[in-house]
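Novice: Sharing a structure, written as C-alpha cells. Questions coming.
Please treat every number below as a calculation from the coordinates, not as lab data. Please read these numbers as outputs of a predicted model, since none were measured by experiment. Virtual Cβ from ideal backbone geometry, glycine too; neighbours counted across all protein chains shown.
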Amino acid sequence: MTRILTVLGTALLMAFSVQVSAETRIGVVDLRQALFSSNDAKSFSEQLQQDFSGDEARVREAQEEARKLRDRLQKDGAMMNESERQELTGQFQQKVQEFNTMKQRLDQAVAQRKQTFVENERPEMDAAVQELMEEHDLDLILPSDAVVYVNPEMNLTDQLLEKLNN
C-alpha cells in the first residue's frame with residue numbers, strides 16, 4: 001500500500017513539475033562577461049592601467065633583477081668562493097622576497113579596486129536584468145555558469161551588455 005502511494009505521489013509530483021516548467025519562462029545571462037565588456041569596464045580598465053603602471057614597472061624591475069642574480073649564480077657560482085656565493089645567494093633571496101611582496105601588494109590593490117568597481121556597478125546591473133525580465137516576460141534569469149546548455153535564443157548576455165552601455 002505504501003509503495004502504491006509513493007508511486008502515485010511521485011507521478012503527481014512529476015506531472016506538476018512538468019506543468020510548472022512548461023509555464024516558467026527562463027533567460028540566461030553571463031553577468032561577468034556583460035559587466036567586464038561594458039563601456040564602463042573599459043574605462044575602468046584604462047584608469048586601472050594608468051594608476052598602477054608605475055607599480056607594475058617596479059615589480060617587473062625587481063623580477064628582472066632577481067633573474068639576473070639567479071643567472072649570475074648559475075653561471076659563476078661554481079667559480080666563486082663560499083662567502084661570495086652565500087652573499088650572492090642572500091641578495092637573490094632578498095630580491096625574490098622583495099618581488100613577491102611587491103607583486104602580492106599590487107595584486108591585492110588591483111583586486112580591491114575591481115571589487116569596488118563590481119560593487120558600484122551592481123545597482124545598474126540589477127536594474128538592467130530587471131528590464132530584461134520585464135521586456136521578455138521572464139519568470140527567472142539564471143547566470144550562465146549555472147547552466148549546462150542554453151538555447152541561444154534564451155541567452156540574453158548581449159542584450160544585457162547593450163543595456164549597460166546605454
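Novice: Picking from 110, 155, 96, whose Cα lies most toward the positive end of the charge dipole for the chain (charges on Cβ: Lys, Arg +1; Asp, Glu -1)?
Specialist: Comparing the listed Cα positions along the dipole, 96 ranks first.
Novice: Here's another thing I want to ask about it. Among 154, 79, what is the fewest-to-most ranking by other Cβ atoms within 10 Å?
Specialist: So the residues, fewest neighbours to most, are 79, 154.
Novice: Once R0 is set to 25 Å, what does the formula 1/(1 + (r/R0)^6) return for the Cβ-Cβ distance between residue 135 and residue 45, expressed as a FRET efficiency to the nearest 0.05?
Specialist: It comes to 0.30.
Novice: With unit charges on the beta carbons (Lys and Arg positive, Asp and Glu negative) and the dipole taken about the Cα centre of the chain, which residue among 73, 144, 50 sits farthest to the positive side?
Specialist: Positive-end residue among those listed: 73.
Novice: Can you tell me the dipole magnitude for segment 25-165 around its Cα centre, using point charges on the Cβ only (Lys, Arg +1; Asp, Glu -1), in Debye to the nearest 20?
Specialist: 980
Novice: Can you list residues from other chains, or at least 5 along the same chain, whose modelled amide H is less than 5 Å from the amide H of residue 29?
Specialist: 142, 144, 156
Novice: Okay, next question. Using the Karplus curve 6.51 cos²θ - 1.76 cosθ + 1.60 with θ = phi - 60°, what ³J(HN,Hα) values do you get for each residue of segment 159-166, in whole Hz, with x for Gly and Pro?
Specialist: So the Karplus estimates, Gly and Pro as x, are 5, 5, 4, 4, 5, 5, 7, 8 Hz.
Novice: Still on this structure, I have one more. How do 160, 73 rank when sorted from fewest to most other Cβ atoms within 10 Å of their own Cβ?
Specialist: Ranking 160, 73 by Cβ neighbours within 10 Å, fewest first, gives 73, 160.
Novice: Something else about it: To the nearest 20 debye, what is the magnitude of the charge dipole of segment 106-155 about its Cα centre, counting +1 on the Cβ of each Lys and Arg and -1 on the Cβ of each Asp and Glu?
Specialist: Dipole about the Cα centre, nearest 20: 400 debye.
Novice: Each residue of segment 99-107 in order: what ³J(HN,Hα) in whole Hz does its phi give by Karplus 6.51 cos²θ - 1.76 cosθ + 1.60, θ = phi - 60°, with x for Gly and Pro?
Specialist: 4, 4, 5, 4, 5, 5, 5, 4, 4
Novice: Can you figure out the FRET efficiency of residue 32 with residue 81, using R₀ = 45 Å and their beta-carbon distance, to the nearest 0.05?
Specialist: 0.20
Novice: Also: As I understand it, the value is the acute angle between the Cα axis of helix 39-76 and the longest principal axis of the Cα atoms of the chain; what does it come to in degrees, rounded to 10?
Specialist: Around 40 degrees separate the two axes.
Novice: OK, next. Would you order 25, 58 from fewest to most other beta-carbon atoms within 10 Å of each residue's own beta-carbon? If you can, show how the numbers build up before the last one.
Specialist: Working: 25 12, 58 15.
Starting with the residue having the fewest Cβ neighbours, the order is 25, 58.
Novice: Mind checking the dipole of segment 50-111: about its Cα centre, +1 per Lys or Arg Cβ, -1 per Asp or Glu Cβ, Debye to the nearest 20? Show your work: numbers first, answer last.
Specialist: Working: 11 positive and 13 negative charges, 31 e Å.
Value, rounded to 20: 140 debye.
Novice: Enter the angle in degrees (range 0 to 90, nearest 10) between the Cα long axis of helix 2-23 and the first principal axis of the Cα atoms of the chain, meaning the one along which they spread out most.
Specialist: Approximately 80 degrees, to the nearest ten.
Novice: List the equivalent ellipsoid semi-axes of the chain in whole Å, largest first, each obtained as the square root of 5λ for an eigenvalue λ of the Cα gyration tensor.
Specialist: 56, 26, 12
Novice: Rounded to the nearest 0.05, what FRET efficiency do residue 119 and residue 73 have when you use their Cβ-Cβ distance and R0 = 35 Å?
Specialist: According to the calculation, E is roughly 0.15.
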